[in-house]
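The values are calculated or read from the model by the stated rules, or taken from the named source; none is laboratory data. Here the structure is a predicted model, which is why all the values come from computation and not from measurement. Methodologically, a virtual Cβ is constructed for each residue, glycine included, from the backbone with ideal geometry; neighbour enumeration extends over all protein chains shown. Heads up: the accessible areas ignore ligands, DNA and RNA and are worked out on the full protein's heavy atoms, side chains in. Shrake-Rupley method; radii C 1.70, N 1.55, O 1.52, S 1.80 Å.
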Amino acid sequence: MSRPQARPAAGTVSLGQRYPGLAGELAALAARARPTDLLSLCLPAPPLSMAGPLPYLAAPDSLAWQRPDDAWLALGAACTVESAGPGRFTALNGAWQGLAARWQIAAMSQDSDGSGDLQAPLAHLGFAFYDASGDSPLPNARLRVPALLLRRRAGRQTLVLTCPAHGAAQAMAGWEALWQTLERTLLSQPAPLAALHLQRPPAPLPEQAFVARTRAALAAIARGELDKVVLSRRVAFEADSALEPAAVFAALATQQADSSVFAVGHRAGTFLGATPERLLSLQDGQLHTEALAGTGWGRADAPLTSDKNQREHGWVAEAIRHTLAPLCAELQAAPAEVLQLPGGRRHAGLSHLRTPFHGRPAPGVGLFDLAARLHPTPAVGGWPAAPAREWLQAHGEERPLWYSGGLGWIDAAGNGTLAVPLRCADLRGNRAELQAGAGIVAGSAAEQELAETEAKLATMLEALAPSAPAPAAASRRGA
């Protein structure tokens, strides 16, 4: 028995009314599919919300992604695969291969020009820094095909509806409920960020612990055990009212428009941020990645031209070249350049050294193979990779949720993009926990590395409460 159809809310139009042939197309697609197949219908989305970033809907099964050339909002789940452990990338790759082989896709074009240039469906994926993450509200590694996807690319918006073939009879009701929620959001005016007061409880012991770990890392480097290791710290803020993830996401998308801006709902809240670092992109057999390391933030004693920054960046670039060469038929590096990020009321803007790489993977090498070899890069872990990871685990380095892991998407053709989630926060009610890190190499100074993490926290603080005074603890260094 099919479920009753959800009734459209006042002011909205039901899916059946907007797309009269939808139910018939779904039935025809299901009739020629196997029960285990995935079915996707791609439709031209109504011209709503074409200005500004796409919205984020705070829910445990939602994910929003915003880049200058690609934006999408995913709701619900047509299929979810989770994994953990040393073989997590292999497991997700096997799951994706199986899904891609059983993915039935149909385009329903209603464009007046008949072009029907619609975006293909995708699966979003994310993973933690370590291959075991304990009791976390997000799985260690997850691949999910959303039930509803709204994607904007190349000036066009596509609505993609997906279900397993064995659930086709119930799919329309589920899609209708998701659509009604989405359309109400698209039709409403976005709520501005409330004027919040952020309070940062004094936490001298965690700061002292970070300084102590930095000095321990420098001692290990001096003994020749490591060349580089990346340390991070978490800082909690409390607001005088509940934090609105949708408003924070919109602020990040506006303030950090050239970054990968993301928001991931989980059972306890929302993990969101704006990261400048791309792990890799794969499009039509062309690979793009980058070495991003070395940080400047307006301090005279921390220029990008310093020996410390140059050596830190050089190790990351060489590690990427060394790691990817066996998997690539072609790999080239462009000259190093400076990536300048936007500033705000709290900071002048961070700058990083970046070396872009372009190549062509060897036959049979896909996105998961590349990710398994690249992660973690020395930009977020250290070098050499294995000793650095062991040192971090032995010294209690915590990387909650998907911070410094990976987040992005892959489509049925194997195209996809993965970013490294940095400059992020975990929002739960009126509490925000921010995390930032710094690379430790010979010549690093513990107090300066602490100041670098403070400068990196400012990106999220600007989005959380742009009109609020900068908390004293967050701004006392790095001026």
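Residues in the chain average 39 Å² of solvent-accessible surface per residue, probe 1.4 Å, ligands and nucleic acids excluded.
Phi angles of the range 410-415 translate, via the Karplus equation with coefficients 6.51, -1.76, 1.60 and θ = phi - 60°, into HN-Hα couplings of 8, 10, 5, 8, x, 6 Hz per residue; Gly and Pro are given as x. Fully extending the segment from D69 to A106, taken as 0.36 nm per residue of separation minus the present Cα-Cα distance, adds 10.9 nm. Residues whose amide H falls under 5 Å from that of A45, counting only those 5 or more places apart or on a different chain, are Q157, T158, L159, with hydrogens built in the peptide plane. Its alpha carbons give the range 369-417 an Rg and a Dmax of 13.1, 41 Å. Computed packing ranks the peptides 288-297, 394-403 as 288-297, 394-403, most packed first, by mean other Cβ atoms within 10 Å. For the chain, averaging the sequence separation of C-alpha pairs within contact (under 8 Å, six or more residues apart) and dividing by the residue count gives a relative contact order of 21 percent. FRET efficiency for the pair A169 and A325, taken as 1/(1 + (r/R0)^6) with r the Cβ-Cβ distance and R0 = 51 Å, rounds to 0.50. Only Cα pairs under 8 Å and 6+ residues apart enter the sum, and on that basis the relative contact order of the range 150-240 stands at 26 percent. Once C-alpha pairs closer than 8 Å and six or more residues apart are averaged by separation and normalised to the residue number of the range 336-449, the relative contact order reads 14 percent. Close amide H pairs (under 5 Å, H built 1.01 Å from N) link I440 with V229, V230, L231, residues at least 5 positions away or on another chain. Take the Kirkwood radius over Cα pairs of the range 214-359, plug it into Stokes-Einstein at 37 °C and 0.692 mPa s, and you get 182 µm²/s for translational diffusion. Annotation: amide H-H contacts under 5 Å for L287 (H modelled 1.01 Å from N, sequence separation of 5 or more, or interchain): G359, R360. What part of the accessible area of the range 59-176, given as a whole %, is carbon or sulfur when the probe is 1.4 angstrom? Roughly 48 percent, rounded to a whole number.
Derived scalar couplings between HN and Hα for the range 35-41 equal x, 8, 5, 9, 10, 10, 10 Hz in order, rounded to whole Hz, by the Karplus curve 6.51 cos²θ - 1.76 cosθ + 1.60 (θ = phi - 60°), x for Gly and Pro.
Here the peptides 213-225, 126-138 are ranked by packing, the mean other Cβ count within 10 Å, and the order with the highest first is 126-138, 213-225.
Need one number: nm distance between label points at R267 and E337, each 7 Å from Cα along Cα→Cβ, rounded to one decimal. About 4.4 nm, to one decimal. Sorting the segments 206-212, 332-338 by their mean number of nearby beta carbons within 10 angstrom, highest to lowest, gives 206-212, 332-338.
The three principal axes of the Cα atoms in the chain give end-to-end lengths of 68, 53, 41 Å, sorted in falling order. Rounded to the nearest 500, the helix-only mean residue ellipticity at 222 nm of the chain stands at -9000 deg cm²/dmol, with each DSSP H run of n ≥ 4 adding -39,500 (n - 2.57).
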